[in-house]
Amino acid sequence: MSILRKISLLILAATVFGASGIAAADPTAEIREILHAQQRAWNRGDIEGFMNGYARSRSTIFLSEDTVTRGWQTVRDRYKKKYSDRDKMGTLTFSDLEITLLAPNAAIVIGHWQLERKVDKPHGRFTLVFRHLREGWRIVHDHTSAATPPE
C-alpha cells in the first residue's frame with residue numbers, strides 16, 4: 001500500500017470518528033452541566049469557578065436591574081463586589097431550566113434562580129444565550145432579573 005493511500009485512509013478514519021464524536025455529544029446535557037457546575041462553585045464560595053461558565057471575552061454581556069455590564073472581567077468584578085462574602089452569596093439554586101437549541105453552536109436557556117441567605121431569599125428569572133466556542137459551551141449574554149419582594 002502506498003504512503004499516499006495510507007495517509008488518505010488515516011484522514012478518512014479521523015474524519016469519520018471525529019464527526020461521530022461530535023454528533024454523539026448532547027448540547028443540552030453539556031449546557032445543563034455547565035449550569036450545575038456554576039451552582040456548585042457558587043455554593044463553595046468560588047466566584048472564579050462560577051465565572052468559568054461565561055465566555056472569557058470583552059463581548060460577554062450581563063444585564064441586571066438597569067445596568068448593562070460588558071466584558072468577562074467586568075462581570076467578574078461586579079460579582080466580586082456585590083457578593084463580597086459568603087453571607088451575601090448564600091446558597092444558590094437553579095430550577096425550571098428550559099434549554100432550546102437555536103443552531104448547532106447556539107442555545108438559549110431560561111430558568112429560575114434563588115439564593116437562600118440568613119436574612120432573606122431573593123429569587124428571580126434569567127435568560128442566557130450560550131455559544132459553543134473552542135472551550136465548549138459558554139454564556140455570552142446573561143439577562144437576570146430579581147422578583148420584587150412582597151410588601
With LEU128, LEU102, LEU115 as the choices, which residue is of a type in the set (A, V, I, L, M) and in contact with a Pro (Cβ under 7 Å, 6 or more places away or on another chain)? LEU115
Filter segment 116-137 down to the residues that are in a strand (DSSP E or B) and either more than 21 Å from PHE50 (Cα to Cα) or touching a strand residue (DSSP E or B) at 6+ places or on another chain (Cβ under 6 Å) (or both) and list them by number. GLU116, HIS123, GLY124, ARG125, PHE126, THR127, LEU128, VAL129, PHE130, ARG131, TRP137
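Yes or no, residue by residue, for (1) loosely packed, with under 14 Cβ neighbours inside 10 Å; (2) among the polar types (S, T, N, Q); (3) touching a Gly at 6+ places or on another chain (Cβ under 7 Å); (4) in a loop (DSSP other than H, G, I, E, B):
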| position | (1), (2), (3), (4) |
| --- | --- |
| HIS36 | yes, no, no, no |
| ARG40 | yes, no, no, no |
| THR69 | no, yes, no, no |
| ARG76 | no, no, no, no |
| LYS80 | yes, no, no, no |
| SER84 | yes, yes, no, yes |
| ILE99 | no, no, no, no |
| ILE110 | no, no, no, no |
If you take the residues of segment 66-100 that are touching a strand residue (DSSP E or B) at 6+ places or on another chain (Cβ under 8 Å) and of a type in the set (Gly, Ala, Ser), which of them is nearest to ALA55 (Cα to Cα)? SER95
Within segment 50-60, restricting attention to residues that are under 21 Å from GLN39 (Cβ atoms) and either in contact with a Gly (Cβ under 9 Å, 6 or more places away or on another chain) or not charged (D, E, K, R) (or both), which residue is surrounded by the fewest Cβ atoms within 10 Å (Cβ to Cβ)? ASN52
Quick check, is THR91 of a type outside the set (D, E, K, R) and without any contact (Cβ under 8 Å) to a residue 12 or more places away in the chain? no
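Each value in this text was obtained by applying a stated rule to the coordinates, not by laboratory testing. Keep in mind the model is a prediction, meaning the values are calculated, not measured. Every residue, glycine among them, receives a Cβ derived from its backbone with ideal geometry; neighbour counts consider all protein chains shown.
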